[in-house]
1. Considering amide H positions built from the backbone, and no H for Pro or chain starts, which residues 5 or more places from A346, or on another chain, come under 5 Å of its amide H?
2. Which residues does the label zone of K406 cover in the range 346-384, counting backbone N under 15 Å from a point 7 Å along Cα→Cβ?
3. Too long at a 24 Å Cα-Cα cut-off: which of K288/K315; K128/K326; K447/K586; K364/K406; K413/K433; K535/K586?
4. With label points built 7 Å along Cα→Cβ from the Cα atoms of E553 and R478, find their separation and express it in nm.
5. As a test, work out the antiparallel percent of DSSP beta bridges whose residues both lie in the chain, rounded to the nearest 5.
6. Relative to the Cα centre, what is the charge dipole magnitude of the chain, using +1 at the beta carbon of each Lys and Arg, -1 at the beta carbon of each Asp and Glu, and rounding to the nearest 20 debye?
7. Measure of size requested: the Rg and Dmax of the chain, with Cα atoms as the atom set and Å as the unit; please supply both.
8. Placing +1 on the Cβ of each Lys and Arg and -1 on the Cβ of each Asp and Glu in the chain, which of A327, V356, L117 has its Cα farthest towards the positive end of the resulting dipole?
Amino acid sequence: MDKQAANKRILELRDILRENSRLYYVDNAPVMSDYEYDQLMHELEALEAEYPEFLTPDSPTQKVGSDLESQGMGVNAEPAVRREFVQRPHRYPMLSLGNTYSISEVEEFSARADKTLGNSFTYCCELKFDGTAICLTYRNGVLVQALTRGDGVMGDDVTENALRISNIPHRLRGDYPEEFEIRGEILMPYDSFDKLNGERERNEEAPFANPRNAASGSLKLIDPEAVAHRGLMCTLYHIPAESLSFESHDQALRAAQSWGLPVSDERRICHNIDEIKQYIEYWDIKRKELPFATDGIVIKINEMAYQRILGSTAKSPRWEVAYKFKAEQALTPIVSIDYQVGRTGAVTPVANLEPVLLSGTIVKRATLVNEDQMRALDIHEGDSVYVEKGGEIIPKITGVEPSLRKKDAVRPKFPEVCPDCGTPLVRAEAEAKWFCPNSDGCPMQIKGRLLHFTSRKAMDILAGDATVEQLFNLKLARTPADLYDLTPLQLLALDGWKEKSAMRFRSSLDASRDVPFERVLFALGIRYVGETTAKELARHFGSIDAIASAGREDLLAVPDVGEVIADSIFAFFRDERHLIEIERLKAHGLHFTVENGGDAVSSDALEGKTIVISGTFSISRDDMKALIEKHGGKNSGSVSARTSFLLAGEKPGPEKLRKCESLGIPVIGEAEFMAMIPSSGDEAEHDKYEQLSLF
């Protein structure tokens, strides 16, 4: 793979991973299995390692998945889900967990530990619970705070709801410490999950896809009393070493159990890789008898001193790894095949299946991906197929059982015309999918673009599938600009809508007029232009008019824009219909220029400098990163030989400091940093920085 192809694939992988991370953490509506997601992440890690010049601090490989954006309602959110939670900082970063599906990689993890630590340590092996992460703080034996993982630095405060989960103690017993944190998982047992989905189906509400999604959604309900009726449970598995001093992880958990905290009894101390394998093999079978979902085994270095020696990356600890169980599999017949059209016109085949129980849920449909995949599987009508649900997410067909095929079975014929509008399909030479080219006349594409425009990452307008479907069917909305023309009387014509619903919708429309330019640009749905690319375009050009008049060479000068993306942008702005739509949106007051300089670079004081930040500052970390970019610098999540300096606030990470020392990387404080950049013009603010003591 040459450099240009690698960069294109890196950008593609980042967009896929960001979108699926949002679906998983924010919307609680994942469409990709854990295995598929992890394989794509590993591919991205390998490419960034091979081409380090393309590594950026906002890459999914450098960040913990975040649930903070659940402040807004997603398409699949419950009406009772809170739109706002107070966000609070984690006292210690809440990192994610490195994982593998290969025993050989567990062997490599063990071998690295042996090489670094010798043979004087043990492993603590535990079940990997499939729920939503929680961090509890106890002070004087009383639960005072419960935070979600958030982005690992900040989490949503869900204390009121956590107090309604039956096995989380409000007050501890025994000889507990004055204050400490303990982390774990909020789970929904299968019985509670089945009961909840039964209620939702009776109320004609969409059922949750799996217990993990149900647990995450339930933890964010408006009414804490409603949480009490969801049948959630908690299991705790980690006390940060900085919070309390213990000789071993197992000792910490035994102490927590003695204070009345819910800690799993199913862990085992292992002394070598053979004992670890035995534990994995046992639970790969036995887990099917558990009353809640598990998706793997976590292997941890047991001794705290050795955990500190191994340390962590910016994203995950080096002293633990998760082995993920292979996806469960079921065999079931195909009843029929549908062909669905997405907002970009891509046609995806979906198999309707004879219902089958898999990973605790009933599976009725599974994607066949594209025509090439159907051929590779040698799918015939009525075939019995193997279905997997890795990580208990959206099912995928992985194989066919030829011995059960009927003699007269025929291969399904992929449609030559759009199943929605009848337009002949096209397929570019480099594309894996067939596309409907009737972008402005195909109903599914029109509805898909409206949903994209109203989504949280874009304009954050309260319009889900059902609303868009009604607006389309009643001929009230065909383009995003139509949404702003809707009258209260038209909204009240929607099935089930009353004055309050119409008022909330119109309020979200009004709020969308404050959305910054880069999100408006993303909302337009230009093919291949994801959030990051939209932000780079907005920074580079400053206005929609400048982008519209840009030539291909001008577009290629933008970071992250290659030939395919440049061609797509260029073609989009040569379509008169798109230009008319933009003018309509301008008339409705949407932002099509970078306001007040926005994120535009205001000086080149940090030009060419790659900066790593660590610790806390007088402003938020996000604001500090924005300030670095505003003055021409580049943020990085980890220290390397390419790092210009480490910007250290209060309590910087010791691992980063050690690495700076070993590589001879300078470490500077906030005041010294502020002296490097021009004053913003607010002398009082600048004076505040001058008073800060140097690190």
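Laboratory data are not the source of any read-out in this text; all were calculated from the coordinates shown. Every value quoted in this text rests on a predicted model; they were computed, and no experiment measured them. For neighbour counting, all protein chains shown are included, and Cβ atoms are generated from backbone atoms with ideal geometry for every residue, glycine included.
1. Distant-sequence amide H within range of A346: C436.
2. 354, 380-384
3. As for pairs spanning more than 24 Å Cα to Cα, those are K288/K315.
4. 3.9 nm
5. Beta bridges within the chain, antiparallel portion: roughly 85 percent.
6. Roughly 860 debye for the chain.
7. So, for the chain, Rg and Dmax equal 26.5, 84 Å respectively.
8. Result: V356, furthest along the dipole toward the positive end.
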